[in-house]
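Below: the structure, in structure tokens.
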Amino acid sequence: MIMNLSEIKLENLIGAVAAKRASGYRFVTITCSDLGDAFDLLYHFDKELKLETLRVRLPKGAELPSISAEYFAALLVENEIKDLFGIAVAGMLLDYQGRFLLPEDAPRNPWRRPSGDADPGAAPRKEGSDHE
Amino acid sequence: MKVLAKSPWAVHFNCNSCNGCDIEFLACLTPLYDLERFGVLHIGNPKHADILVVTGSVNHRNARVLENVYIQVPDPKVVVAIGVCTSTGGIFADCYNILGGIDKVIPVDVFVPGCPPRPEAIIDGMVQSLAKLEAKRAGKKVEPARKPTFTFRPPAEAEAPVTPSPAGSAGRGGKE
Amino acid sequence: MSRITVIPFGPQHPVLPEPIQLRLELKDEKVVSALPVVGYVHRGLEKLVETKDYLQTVYITERVCGICSFIHSVAYCQGIETIMGVEVPPRARYLRVIWSETHRLHSHLLWFGLLADSFGFENLFMQIWRAREAVLDLQEATAGARVILGTCCVGGVRRDIDQTGRDLTLATLDKLEQDIKKIANPILKDYGVQQRTVGIGRISRELTYERGAVGPTARAAGIAQDLRQTGYAAYGELDFQPVVETAGDCYARLQVRVREMNQSIELIRRALERMPASPISVPVKGNPDGETVSRVEQPRGEVIYYLRGNGGKNLARMRIRTPTFANIPALLAMLPGAELANVPVITLSIDPCISCTER
């Protein structure tokens, strides 16, 4: 139900982002979710109030190429993703070494789920707990 | 309240707050609520202050900063904790980066409950703290405040306060 | 002497109401580069959606930031309503506009006061905050609370504004308009204020866009983008036009916000006038199943919510990108070349909300 969504392959990510920049899009943000066996990444761009989204599937253990050379603004959110999900992001202009939001003694990668773990929203529903 | 010998100055530290309490504390300083009628001035330097006003709960990064600011306030000093987050973590108590109320790091003299508290409640808390400040100045022993009871979780889940530790991670490893 | 000195600005600093650190590299008095250090207010509240159900999450989103709380809840509720296909009654859409604009008013007044404080104009800070109290009293009278209203819910709003509330709102707005005229307009012409803001923290239109800045920061550099143009809630029926300035300095950002205050007053008046009679909420049944992106305009700029539900009562993922998060890269471009004494004013000119940024 996301408008203007296009799914792309990981190896085409940098090219697709560069094309967005060339056609005058503003970088909005990256949304990451952990689906258990892979990460779901949404790259949001805006042009004249029209939001466009690129969807990339990143397998666990794979490295994510940084888009901070194309869009400097992506740097903060890439560091945040590295902190919270433990994704290795390659080629960031500025790397906080996983200490962007969380200091040394905080829990590591609190958003990361073990492989095979189901989405929490799909957890078994308790009887009578729904809003009916 | 008896006439105060001194004009107590307050330094404000935002720990982990959502700003709701901060803007209400700042509102207290402005002409409508006017904390200055009790001599309270808002200043930026902890070394100038008598009252440390804290909003929000402690997390892994700011616990050290809070402790540091507290140490810099010269004795005698009082701590006023504004909002329910300072007491238990409030609505954020279950978040992974929240350690709990600020009493895990520094002793608190007055808790002002609310989310956010009204300016009238904050003023009341500040005035209560002035009495404690006077007592401390007179050399009397002042017990740390108890948390407002309705901000507690059920006893089974309630956490024992941890004694403040020197800068470092010891003593605040987690919420267990 | 042209050694590089590093000065940590914050986390506890007299002009910063919230903890953030900027590591400033200085050559004599000039800033060479700045590096933000954040995490002092990081709570991790997005993860709470896994333990609270999607109706309770409204209260969490209100506490992402206590200043623009109502607008956060509007963004969240609109997202859930899109997923579930809920049609919000027209009166509720107008009421959402009214409280969104009172929030914008009090947020801009608050910021104006803090800016005055940052360049040492404490009298102005007090004057502005006195005027601001009228907005908070209005919010208390119409919604029942001063700061965090709790009136927005999935499917509409909880409270209505009746004839008494309408009269009170109009009277408050008239008084506030006079106050703003009395305070803000002379201040824009004030020599001291101009000395501290004109030409300070200038950033070009191209660089602002490239750095992804939003809200008044972008509009002060000539980018006419305001999410209210998309016509969410009832903005589509209120003849909204964004406020734009072109200079791109601190003074332009001040001008944009002052003009936006007057615009907010006008929008509330129009909304009260055109508000139709209808129920204020519809019952919501079932659980959200699907994903969506919801965007609204906050006082500081665009906020974007990504929401995904799997048919359970808890959402699977909520992600919030707040305006300050988008404006920090632009701030980092404004600081190099500035004098150390101007750093507080430049930092405040983007209206930083750290609680939003770190969530």
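The values are calculated or read from the model by the stated rules, or taken from the named source; none is laboratory data. As the structure is a computational prediction, the values presented were derived from the model and not from experiment. Here Cβ is always computed from backbone atoms with ideal geometry, including for glycine, and neighbour counts include all displayed protein chains. Heavy atoms of the whole protein, side chains included, go into the accessibility calculation; ligands, DNA and RNA do not. Shrake-Rupley method; radii C 1.70, N 1.55, O 1.52, S 1.80 Å.
Local charge for C:Glu297 was computed over the other residues whose Cβ lies under 14 Å away, with Lys and Arg +1 and Asp and Glu -1, and equals +2.
The figure for C:Leu55 is an accessible area of roughly 60 square angstrom, using a 1.4 Å probe on the protein chains alone. Express the relative contact order of chain C as a whole percentage, based on alpha carbon pairs under 8 Å and six or more residues apart in sequence. Once normalised by length, the contact order is 26 percent. Pairs of Cα atoms nearer than 8 Å and 6+ residues apart set the relative contact order; for the range C:103-157 it is 25 percent. Other residues lying with their Cβ under 15 Å from the Cβ of C:Ala34 contribute a combined charge of +1, Lys and Arg counting +1, Asp and Glu -1.
Of the listed residues C:Tyr209, C:Tyr59, C:Tyr232, the order by accessible area with a 1.4 Å probe, largest first, is C:Tyr59, C:Tyr209, C:Tyr232. Size descriptors for the range C:1-123 (Cα atoms only): Rg and Dmax, in that order, 20.2, 67 Å. Of the beta bridges in the range B:9-151, as assigned by DSSP with both residues counted there, near 10 percent are antiparallel. Residues of the range C:294-319 that bury at least 40 Å² of accessible area once all protein chains are present, compared with their chain alone (1.4 Å probe, heavy atoms only, ligands and nucleic acids left out), are C:Arg295, C:Ile304, C:Tyr306, C:Arg308, C:Asn310, C:Lys313, C:Arg317, C:Arg319. Considering only Cα atoms, the convex hull volume of the range A:5-112 works out to 95 Å³ per residue. Rounded to the nearest 20 debye, the dipole size of the range C:41-327 about its Cα centre is 420 debye, using +1 on the Cβ of Lys and Arg and -1 on the Cβ of Asp and Glu. Pairs from the list B:Lys47/C:Lys30; A:Lys50/C:Lys47; A:Lys20/C:Lys285; A:Lys82/C:Lys52; A:Lys50/C:Lys189 with a Cα-Cα gap above 32 Å: A:Lys20/C:Lys285; A:Lys50/C:Lys189. When the alpha carbon gyration tensor of the range C:41-327 is reduced to an equivalent ellipsoid, its three semi-axes come out at 32, 23, 16 angstrom, largest first. The residue list C:Ser264, C:Asn310, B:Val84 was ranked by how far each Cα lies along the charge dipole of the protein assembly as shown toward its positive end, using unit charges on Cβ atoms, and B:Val84 comes out on top. What ratio of Cα Rg to 2.2 N^0.38 Å holds for the protein assembly as shown? After normalising by residue count via 2.2 N^0.38 Å, the value is 0.92. For peptide C:343-350, the mean count of partner chain Cβ atoms within 10 Å of a residue's Cβ comes to 0. Ordered by solvent-accessible area of protein heavy atoms (1.4 Å probe), largest first, the residues C:Glu62, C:Glu87 come out as C:Glu87, C:Glu62. Between 0 and 90 degrees, the angle of helix A:74-85 with respect to the longest Cα principal axis of chain A falls at about 20 degrees. Straight-line reach from C:Lys182: taking Cα to Cα under 19 Å and skipping same-chain neighbours fewer than 8 places apart, the aspartates and glutamates in range are C:Asp117, C:Glu122, C:Glu133, C:Asp174, C:Asp190, C:Glu260, C:Glu266. In this structure C:Arg359 has an accessible area near 0 Å², from a 1.4 Å probe over the protein heavy atoms. If you sort C:Glu245, C:Glu29 by accessible surface, 1.4 Å probe, largest first, the order is C:Glu29, C:Glu245.
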